[in-house]
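Asker: Please find one structure pasted underneath; my questions will follow.
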Amino acid sequence: MNGAAKGAIVGGVFLALVGGAGYGVYALVGDGGEGKNGGTGGDSSVQAGKGSGPVTDKETLATAKAFLAAWASGDERAAADLTNNAQAAQVAVHDFKERAYVSKAVITPGPANGTTVPFKVEAEITYEGTTKPLVYDSELSVVRGLTTGKALVDWKPSVIHPQLQKDEKLRGGSPATPPVKALDRNGKELTAEQYPSLRAILDDLRKTYGEKAGGTRGAEVWIEPAAQDAPKRTLLTLAKGKPGEIQTVLDADVQAAAEKAVAKHAEASVVAVKPSTGEILAVANHRKDGFNAAMRGARAPGSTMKIVTGAMLIEKGLVSADQPAACPPTATWEGKSFHNLKNFKSEGEPFSSSFAKSCNTAFISLIDNVGDNAALPREAKEVFGIGLDWKTGVISVDGSVPQVSGPAAAAAYIGQGTITMNPLNVASITATARTGVFRQPVIVKASLDGRTLATASRPLKPGVSAQLVKMMKLTATSGTGREAMAAVGGSDKGAKTGSAEVDGAGSPDSWFTGFSGDVAAAAMVEAGGHGGEAAGPIVAEVLNAG
């Protein structure tokens, strides 16, 4: 202690008064410090009386000091009683010491800003003979208890650590699986630091292939997420394990472009695949919740579904790309009316034009001619592989095209109602349309672990793929995808836009899918508006990188 500080022992906790601020340093020294029966948590008398009105500066200082002292001494019950959520706080303070293996902690508060008190935590983590520091800043706020009238710490998990969110936990020790070193198709290492969107995927790879890839476990401190399938977040590596090396089919350059593209929109996701192989080149998400919506999402895909519907109608001989197709402003099926954007209509134009302009009624008006509510689900499964339990190598969710009747059957023709997809599913649909054959998407090759990939019952009938490609090319050059696809070089490119209405949302989800050469991509931006406006530029950037 330097000469400017004065020391005192308060209830067994060392308190160093720094300067004249009245704040101090509270030190917890594992088993050598005071426990539940000897800590300063009993000093709650500093705020025991009831009050009313706004919390005063004096109450803020006294409550913060008492709480930090109780926390630092390991008196979880006393610390908890100084908060407005004693149950949650007691568990968190207990976990800080016992589950995160904190052997020593020094907590240094800073000057209060109203009822908010910042502080610095300098902890030491000791696990199986290894000790390392964990240093971070956090803050707490003091509020008036609703029933007690006392000044209490407004409990949030971030008090214990600023990265902790609701229902998340601080943990330490040896992880369940060894680390992995993931490589892209060209041997470049893929890290969550460089490619943040891959965090969930790298965690999946670790869980699935860590042991198989020959890795050995180390020791860490991490944040255990609330959702079971969410990735854990490592805060400190105590002892490095030996990573197992795993080869993926991702492309680092395409991944970098995808990360950059989705970052321009909130709640955006994109996937790119190689139509000739089904190999996934990139997966990127830009979301507040960190959810891998690109592969695990399940939302209505809007008019991108018209690729499947169009294939079904062509295979049944009801339309062809070059034959005229009616596009009235509205169409009604079993009492429900469907309309085109701004009620546009066209007469005497080929079906390819209806596809390119995304004419809803050109598709819905043919449902009576189809006469089979199972036709669309059957086409989606037998030809496009939707719902065949894809085994991509990481956690992914298959699209769903259930058999329905009534107005929901008509809505399905334009990707609304009960249909759900994610960008992975839609990118695969485009890849199948491009080649005429479904190839199940993968992130790691099946030869790595011998898993069985999904296979469709049959390819598209002869000539159908060529018609779909022709219609998608028209969409990219003179239809709803023209503006977005103008940025994609070359003439071998195609697209389909989609806008999906979501109950309660102010704007529709923006969907866009396209191909260029041997790359197919699909993107979705929640509440992003019409397909070409938000999702379209994302797909264009990814296609250019491929």
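Any read-out appearing in this document is the output of simple, stated calculations on the displayed coordinates, not a laboratory observation. No experiment lies behind these values; they were computed from the predicted model shown. Because the Cβ atoms are built from the backbone with ideal geometry, glycine has one as well, and the counts that use them run over all protein chains shown.
Asker: By how many degrees, between 0 and 90 and to the nearest 10, does the Cα long axis of helix 464-478 differ from the longest principal axis of the chain?
Answerer: Between helix and principal axis, roughly 70 degrees.
Asker: Lys/Arg Cβ at +1, Asp/Glu Cβ at -1, dipole of the chain taken about the Cα centre: which of A484, G335, A88 is farthest positive-ward?
Answerer: The Cα lying farthest towards the positive end belongs to A484.
Asker: Would you please give the residues with an amide H less than 5 Å from that of S103, counting only those at least 5 places away or on a separate chain, with H modeled from the backbone geometry?
Answerer: Correct list: E124, I125, T126.
Asker: Given only helices, namely DSSP H runs of n ≥ 4 each adding -39500 (n - 2.57), what is the per-residue ellipticity at 222 nm of the chain, to the nearest 500 deg cm²/dmol?
Answerer: On the way: 16 runs with 145 residues, N = 546.
When only DSSP H runs of four or more count, the value is -7500 deg cm²/dmol.
Asker: So how tilted is helix 57-73 from the main axis of the chain? Cα-based, degrees 0 to 90, rounded to 10.
Answerer: Result, in degrees: 90.
Asker: A further question follows. Could you give me D for segment 253-545, from Stokes-Einstein at 20 °C and 1.002 mPa s, where the hydrodynamic radius is the Kirkwood radius over C-alpha pairs? Units µm² s⁻¹, please. Intermediate results must be reported in sequence, preceding the final value.
Answerer: Values: Rh = 18.4 Å.
Estimated via Stokes-Einstein, D reaches 117 µm²/s.
Asker: What residues qualify as long-range amide H neighbours of A151, i.e. H under 5 Å apart, gap of 5 or more or another chain, H built at 1.01 Å from N?
Answerer: Long-range HN contacts for A151: G145.
Asker: Still on this structure: Would you mind checking the pairs K391/K445; K65/K166; K166/K240; K232/K274; K316/K391 and listing those with alpha carbons more than 21 angstrom apart?
Answerer: On the way: K391/K445 10 Å; K65/K166 24 Å; K166/K240 29 Å; K232/K274 30 Å; K316/K391 31 Å.
Exceeds cut-off: K65/K166; K166/K240; K232/K274; K316/K391.
Asker: If you don't mind, there's one more thing I want to ask. Once phi is turned into ³J(HN,Hα) by the Karplus curve 6.51 cos²θ - 1.76 cosθ + 1.60 with θ = phi - 60°, what whole-Hz value does each residue of segment 99-104 show in order, with x for glycine and proline?
Answerer: Here the 3J(HN,Hα) series is 9, 9, 6, 7, 9, 7 Hz.
Asker: Additional query: Rounded to the nearest 10 degrees, what's the angle between the helix 86-98 long axis and the longest principal axis of the chain, both from Cα atoms, 0 to 90?
Answerer: 80 degrees
Asker: Of the options A230, G218, I201, report the single residue whose Cα projects farthest towards the positive end of the charge dipole of segment 180-247 (beta-carbon charges: Lys, Arg +1; Asp, Glu -1).
Answerer: Value: G218.
Asker: Of S276, F351, L543, which is farthest towards the positive pole of segment 253-545's charge dipole, taken about the Cα centre with +1 and -1 on the beta-carbons of Lys, Arg and Asp, Glu respectively?
Answerer: Highest projection toward the positive end goes to S276.
Asker: Still on this structure, please answer the following. Using θ = phi - 60° and the Karplus form 6.51 cos²θ - 1.76 cosθ + 1.60, what ³J(HN,Hα) does each residue of segment 304-319 get, whole Hz, x for Gly and Pro?
Answerer: 4, 5, 5, 5, 5, 4, x, 4, 5, 5, 5, 5, 7, x, 7, 9
Asker: Something else about it: Given charges of +1 on the Cβ of Lys and Arg and -1 on the Cβ of Asp and Glu, with all other atoms neutral, how large is the dipole of the chain about its Cα centre, in debye to the nearest 20? Could you put the intermediate results ahead of the total?
Answerer: On the way: 56 positive and 55 negative charges, 82 e Å.
That gives a dipole near 400 debye.
Asker: Once you list every other residue whose beta carbon is under 12 Å from the beta carbon of S465, what net charge do they have if Lys and Arg are +1 and Asp and Glu are -1? Don't skip to the end; give the middle numbers.
Answerer: On the way: positive: R434, K461, K470; negative: E315.
Cβ neighbours under 12 Å give a net charge of +2.
Asker: Sort W333, W155 so the one with the fewest other Cβ atoms within 10 Å of its own Cβ comes first.
Answerer: Working: W333 18, W155 22.
Listed from fewest to most nearby Cβ atoms, that is W333, W155.
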